[in-house]
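One structure below.
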Amino acid sequence: MRFEELPTPCYVVDETLLENNLRLLNGVIQRTGCKIVLAQKAFSMYTMYPLIGQYLSGTTASGLFEARLGHEEMGKENHIFSPAYRDDEIDEIIAICDHIIFNSFSQIEKYKDKVLQAGKKVGLRINPECSTQEGHAIYDPCAPGSRFGVTLEHFRPDLLDGISGLHFHTLCQQNADDLEKTLNAVEEKFGPWLTQMDWINFGGGHHITREDYDIPLLESCIQHMQERYGLDVYLEPGEAVALNAGYLVTTVLDTLQNGMDIAILDTSASCHMPDVLEMPYRPPLLGSGEAGEKPFTYRLGGQTCLAGDTIGDYSFDQPLKGGDRLVFGDMAIYTMVKNTTFNGMPLPAIAIKDKDGDCHIVHQFGYQDFKMRLA
Ligand SMILES: *Cc1c(COP(=O)(O)O)cnc(C)c1O
């Protein structure tokens, strides 16, 4: 069907845009020999995994279920990190994952024999205590009191036997200059032990597919770690894989006034794009301007009872009316993986826009998807 015929609300992933991102990431793999895996927590649209697997080295997971999804749907290198593992899940995790990354020496002592016996790799997450982001404290694993990664103070060189790699994840939507800064901290603090490792994982948060991203600096950071310490280098971006590669298409249901013009959409920031409220951020909206920039400004809100369920104030060339379709951009990442049926909101359909511009619905949801999670 045509884009204009899709039911709303609907997430639409654009295959061409996704593949452009994948080509860019694959260029880094080709030029440096590093490995890049998809962090599924940002984007788990597994219909696209065969395509993603043509360009990337595999998947990484935050827990057993994501690990299973990567194993079943991409079937390439499979990594996992969790702040702590459960006894009743570890065997299955070891069976389907290649790198199991631990958050503490106590977890390593508990599980490393099993991992090594299965021929899998044991990694340790370190905390270089190098904050490179202002503002987003909830996205800063180096913030004081963080539960992520072993700090130098608690590092145990006597317990490194069997550990083949170190992992850090400290960035969020950042450029390569912040990676360079972080690597300096990693080398300064953990440099003495890097030579005895086989690999290092730079985590995610690298905004590699953003227009202003400094890819040559990223590549020189990778090459530095390869040459100086003889390490295999892994990156595990989530956002960068599907950045700007998808839309959320919605319909205006009604308009009203309360000191300003308001439009109610058949979507919800809270249910369908929760990071708009949590991050928070203002999603791009095709054909619109900032408030006051074009003649008709509206506050766009959702159908839920949450007073704060608004997406933002946007302006338009024409007044909005019921039935108008609005298309939000950059809606592939951290949307369908985080959505909810709060207020009994229906979940958006998931569709693909293929290379010819044709749209196909992959999955539609209904009342059962709301009811089945309750009892
Ligand atoms: C969230 C996360 C990623 C991916 O981060 P993006 O910001 O989506 O690139 C990678 N690794 C770990 C350990 C993470 O927690």
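Cβ neighbours within 10 Å, averaged per peptide: list 123-130, 102-109 in order, most packed at the top. Kindly include the intermediate steps, with their values, before the conclusion.
Numbers: 123-130: 22.6, 102-109: 18.8.
So the peptides 123-130, 102-109, ranked by packing, come out 123-130, 102-109.
Please state, rounded to one decimal and in Å, the Kirkwood hydrodynamic radius that segment 258-375 gives when every pair of distinct Cα atoms enters the mean of 1/r.
Details: mean 1/r = 0.0644 Å⁻¹.
After inverting the mean inverse Cα-Cα distance, the result is 15.5 Å.
Check which residues have an amide H placed less than 5 Å from Phe296's amide H, if you skip close sequence neighbours.
Phe316
Each label point is 7 Å from the Cα along the Cα-to-Cβ direction; what then is the distance between the points at Leu256 and Asp158, in nm?
Distance between the two pseudo-spin positions: 6.8 nm.
In nm, give the distance between the simple-model label positions of Arg210 and Phe65, each being 7 Å from the Cα along the Cα-to-Cβ direction.
Each label point lies 7 Å from its Cα, and together they span 3.0 nm.
Set the Förster distance to 41 Å, then compute FRET efficiency between Lys114 and Glu290 from the Cβ-Cβ distance, nearest 0.05. All intermediate terms of the calculation are to be shown ahead of the outcome.
Working: r = 55 Å, r/R0 = 1.35.
Given R0 = 41 Å and the Cβ-Cβ separation, E is 0.15.
Calculate one ³J(HN,Hα) per residue across segment 264-278 by plugging θ = phi - 60° into the Karplus curve 6.51 cos²θ - 1.76 cosθ + 1.60, and present them in order as whole Hz with x for glycine and proline.
Listing the rounded values in order: 9, 9, 8, 9, 7, 4, 4, 8, 10, 9, x, 5, 4, 8, 7 Hz.
Counting each DSSP H run of 4 or more residues in the chain as -39500 (n - 2.57), what helix-only mean residue ellipticity at 222 nm follows after dividing by all residues, to the nearest 500 deg cm²/dmol? Could you put the intermediate results ahead of the total?
Values: 11 runs with 109 residues, N = 375.
Here the helix-only value at 222 nm equals -8500 deg cm²/dmol.
Highest mean first, what order results for 237-247, 71-81, 355-365 on Cβ atoms within 10 Å? Intermediate results must be reported in sequence, preceding the final value.
Numbers: 237-247: 25.4, 71-81: 20.0, 355-365: 13.1.
Result, highest mean Cβ count within 10 Å first: 237-247, 71-81, 355-365.
In nm, to one decimal, how far is the modelled label at Met279 from the one at Gln196, with both set 7 Å along Cα→Cβ?
My value for the distance between the label points is 4.2 nm.
Students often get this wrong, so check it: of Lys41/Lys76; Lys120/Lys189; Lys35/Lys355, which have C-alpha atoms separated by over 24 Å? Intermediate results must be reported in sequence, preceding the final value.
Values: Lys41/Lys76 17 Å; Lys120/Lys189 27 Å; Lys35/Lys355 27 Å.
Pairs exceeding 24 Å: Lys120/Lys189; Lys35/Lys355.
What is the fewest-to-most order of Phe168, Phe328 by other Cβ atoms lying within 10 Å of their Cβ? Can you show the working numbers first?
Numbers: Phe168 24, Phe328 28.
The order, fewest Cβ neighbours first, is Phe168, Phe328.
Label point 7 Å out from His136 along Cα-to-Cβ: which residues of segment 252-291 have amide N under 12 Å?
Flagged as within label range: 275-276, 278-282.
Run the reach check for Lys294 against aspartates and glutamates, Cα to Cα strictly under 19 Å, same-chain hits fewer than 8 apart removed. What comes back?
By straight Cα distance, Lys294 reaches Asp261, Asp313, Asp317, Asp324.
Laboratory data are not the source of any read-out in this text; all were calculated from the coordinates shown. This structure is a prediction, so every number in the text was calculated from the model and none was measured. Heads up, the Cβs are rebuilt from the backbone with ideal geometry, glycines too, and the neighbour counts pull from every protein chain shown.
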